[in-house]
Structure formats: C-alpha cells, structure tokens
Amino acid sequence: MGNSEGAYLGIDISARSTVLSIYKSNMDEPATVSTILGEENYSIPTVLAKRYGMGQWFFGDEAISKSRTKEAMLVDDLYTLALKNEEVFVDGESFQARELMVIYFNKLFAIPGPMAAMGDIEKLVVCVDQVNLEVMELMNYISSRLSIDSNRLMLIDRNECFYFYALSQRPELFLYSVALFDYSGSNMISCVLNRNQSTRPQMITLDVVNHGEITDNRDEKFDEIIADTFGSTLFSSVYLVGDGFDGEWMKVSLARLCKGRKVFMGKNLYSKGACYAGYTKDGKRDWPFIYIGDNDLKLNLSIKILENNVMKFFTLIDAGQSWYDAKGECEVILDGEPELEFYIQRPESREAHTEVLELTDMPKRENRTTRLRIEASPISDVAVSIVITDLGFGEISPSSGKSWEHTISIK
C-alpha cells in the first residue's frame, strides 16, 4: 500500500453489530467508518447474505435489504456460529462459519472512505464483550487468513476499551470519576472509572455493575440507577453507549445526568478506545496510568540467575500483559542441586513468595553441565504453566529428553 504510516484498527464486534474505527499518529482522534459516505452510519449488522444461484456476497444493512427482497439468503447468527466453528448451509452449499467471517472482515476493510487511505495495518485491535479462548482462536484464524501477522493482533474487552478511551480525552474530562452506561438491547451495565492519584503510575479501578433488563418505566428506572451509581462522588464526565438510549425517552434522568458534568452519547466509544489501546500499548505515547483488567495477568514471575558474575532476576511473565498471548522463555545452566526457584509477586505488592520445583530423576552429571529450557505459558490471569526441558550439554552430556511440568498460581 502507498502510505508507509501504519494504521491502528479498532473493531468492536458482537453477534448483533460491528463498529470499525481507524487511528494514525497524525490524527487528532480515531475516525469511525460509515457505510454511507457523509453519514454517521457506524453500526454495521454482523450478517452476510449470498445472492441466490451466484457467488456474490453482501454484508451489513445491504445483506438484510437483499434478503428482504428475496434476492439473497441471510446468515444472521454469523459471529456466534463462527465462535463455535460450525458448518453453515447457504443456498444449497456448505460453508465453514469461520470462512464466512473472513468474507465479512474483507467487506469491512473494503468500505470506501478512510479505509482507502489506511496504509498498512500496524495493529488490529478487536474489542469483544469477554475475551476467551474461543474468541482468541477465531480472531487468530481470521487474521491469518487476512495475512495479518499474529503479533499485530490484539484482543481487548469493552471495559478496557472504556479505560483507554476515557483517559485519552481532555484532562478536565477525567479530573474526577468517569461513568459509562451501556444500554445495549434491553440490558444496562454501569462502569465507573476511579483514579488513585497518589500512586505512580496512577492505579485505575473500574467498578462494573449489571443492572439487568430495563424494558418499561425506563426514565424512572434509569434515574434511580444514576442516583445509586453517583452517590456523593464527584464525576467529571458520563458516556452513554448502546441503542437502548435511542429515542427521546430520557427526561428526568437526563436532567440528573447533566447536573455539573459533561455527558456524551455515541455508538463508537469502544472501537475508538480499541484504537487508543493499540497505539498506547505499542509505546507510542506516555501513559501515566495502570489498570489490571480481567484479562490481564495478576502476577509477576521471575527466576534468579547469575550473569557475568552478577546475581539478577530474569522476568519470565509480567503482570498487566494479556494472559492469552503472554509467553516467557529462557535457557539456563544448572548450578548445584537439581531444582529451580521461582519468585511470584503481585503487581501491587513489594513482597514475593517463592516456589521450588524439584527436577526428580535428573541424570547425574558434573556440576554446570546441564542446560535447561524454561517455558512459561499463562493458563489464566492468575496461573502460569511451567515446562522445564533437559537439553543436556552438547556432546559432554546428551539430552535425556526429560521434561517437568508445574503450575504456579498466586495464593
């Protein structure tokens, strides 16, 4: 592509709809892609439709329109089917739902407008309700089919997108606490962002409450939720997202919301937050905050090594990394007893506890003639799987092929 400046793509995807934003370093803020030029038509239904008797595919609103006029057959549960890696029958043909998601993403990337001037993809940041192994496998598959390298893919949940979005705004908008109300469909969730300004970096906490379904007396019920959420706390700004806020039903609640604070409403907060997340995590700007989210590792894992006659700690796993793509590896020469000592520390604590892993049935060799490979792979946000492999020591001590596995977790 012509422009060498890489772009950060933020995609907020759900079973219902998808929103796509783009960010580059020369932009004041991310731009959200509309399927209709000149309009803010940001919410794109996560659906495909195949024209009957032909290999032509439509997506989003056009797919729904073509299915209504009986020109095409609709696949309307596409994202859920792809997560389950299921087979789909469309117009008498069989398709893998994951392959159809690849078609959907290709259609997204081909939308005219900002996408045409995108340049290379620096990072594809996909925002979902909850990051799990199914999402990770699906997005890894899609990115590989789109020839996007795995290290350019990032998965993030909506809470973390809110964190990056809110703290990327003007400082006066997060001088005090910040609130988000997500009213997608009929369910409402509140998320309150608080800063501890006495720590360096500033520790951020998010208080998330699911208020359940709200289908009647919306104005009164939302007003009660606002009162409960705010209490006596000072708030600088409030963000409203979700199609539940469409229409002009907010009267009493809106008056309470706007009293002494800025209120913003929109459909693209998460996709913009995803762009900011990718840009920030790539170290492209100073970020004086730290937030340990649901998908982030809650422990630091290290071992003590002797390097150039200097004792030091070697970090295998860093807290704050996303557990699903963090990995640590090193090779060491065993000195002394056949055991390794690991240091485990919570990010908010200065104290570490140790775990000693004994290498049972290790072949007897001269001291310092055993080379070991240590591989650390998180299996959750609080647990790491350790695999230690005996590599031997060249021709002096051939490898025994033995390996030891252990799981380390914070207490």
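Assorted remarks:
- Under 5 Å from the amide H of I121 lie the amide H atoms of A7, each residue being 5 or more positions distant or on a separate chain, with H modelled from the backbone and absent for Pro and chain starts.
- Here the range 117-244 is treated with +1 on each Lys and Arg Cβ and -1 on each Asp and Glu Cβ, and its dipole about the Cα centre works out to around 620 debye.
- Separation in nanometres of the label points that stand 7 Å from Cα toward Cβ, at I305 and D361: 2.8
- In a fully extended conformation the segment linking W249 and N132 would gain 38.5 nm over its present Cα-Cα distance, using 0.36 nm per residue.
- Alpha carbon centroid spacing (whole Å) that separates the range 293-311 from the range 90-143: 35
- Separation of the alpha carbons by more than 22 angstrom is noted, of K24/K123; K24/K272; K298/K327; K50/K70; K66/K267, for K66/K267.
- Computed from phi, the 3J(HN,Hα) profile of the range 46-52 under the Karplus parametrisation 6.51, -1.76, 1.60 (θ = phi - 60°) reads 7, 9, 10, 9, 9, 5, 4 Hz, with x in place of Gly and Pro.
- Taken about its Cα centre, the chain carries a charge dipole of about 860 debye when Lys and Arg each add +1 at the Cβ and Asp and Glu each add -1 at the Cβ.
- With the simple spin-label model, which puts each label point 7 Å out from Cα in the Cβ direction, the D325 to I396 separation comes to 4.0 nm.
- Modelled spin labels at S144 and E71, positioned 7 Å past Cα toward Cβ, are 3.6 nm from each other.
- Tensor-based shape of the chain (alpha-carbon gyration tensor, a/c under 1.5 rounded, otherwise prolate or oblate): oblate
- Once exposed loop chymotrypsin sites (Phe, Trp or Tyr not before Pro) are cut out (DSSP; at most 16 other Cβ, 10 Å), longest piece of the chain: 250-411
- Sequence-distant contacts, meaning Cα pairs under 8 Å at least 6 residues apart, place the relative contact order of the range 49-145 at 21 percent.
- Proximal charge balance of D381 [Cβ under 10 Å; K/R count +1, D/E count -1]: -1
- The range 75-124, relative contact order in percent, only Cα pairs under 8 angstrom and at least six apart counted: 25
- Of the GluC sites (Glu not before Pro) in the range 27-79, those whose Cβ has at most 16 other Cβ within 10 Å and which sit in DSSP loop: E39, E40, E71
- Entry note, the chain: the mean residue ellipticity at 222 nm calculated from DSSP H runs of n ≥ 4, each adding -39500 (n - 2.57), is -6000 deg cm²/dmol after division by the residues and rounding to the nearest 500.
- For Q96, residues with placed amide H under 5 Å, excluding near neighbours: V88
- When the charge dipole of the chain is built from unit charges on Cβ atoms (+1 for Lys and Arg, -1 for Asp and Glu) and taken about the Cα centre, the candidate among C258, L316, L391 whose Cα reaches farthest toward its positive end is C258.
- For N41, the residues 5 or more places off, or on other chains, whose built amide H falls under 5 Å of its own are T35, I36.
- The residues packed around S184, meaning those with a beta-carbon under 12 Å from its beta-carbon, carry a net charge of -3 if Lys and Arg are +1 and Asp and Glu are -1.
- Label zone at T315, where the point sits 7 Å out along the Cα-to-Cβ direction: the range 345-379 residues whose backbone N lies under 17 Å: 345-353, 376-378
- Computed over the chain with a Gaussian network model linking Cα atoms closer than 10 Å, the most mobile of S322, S186, S43 is S186.
- Taking a Cβ cut-off of under 14 Å around V332, the surrounding Lys, Arg, Asp and Glu residues balance to a net charge of -4, with basic ones at +1 and acidic ones at -1.
Any read-out appearing in this document is the output of simple, stated calculations on the displayed coordinates, not a laboratory observation. These numbers were taken from a predicted model, which means no experiment stands behind them. Every residue, glycine among them, receives a Cβ derived from its backbone with ideal geometry; neighbour counts consider all protein chains shown.
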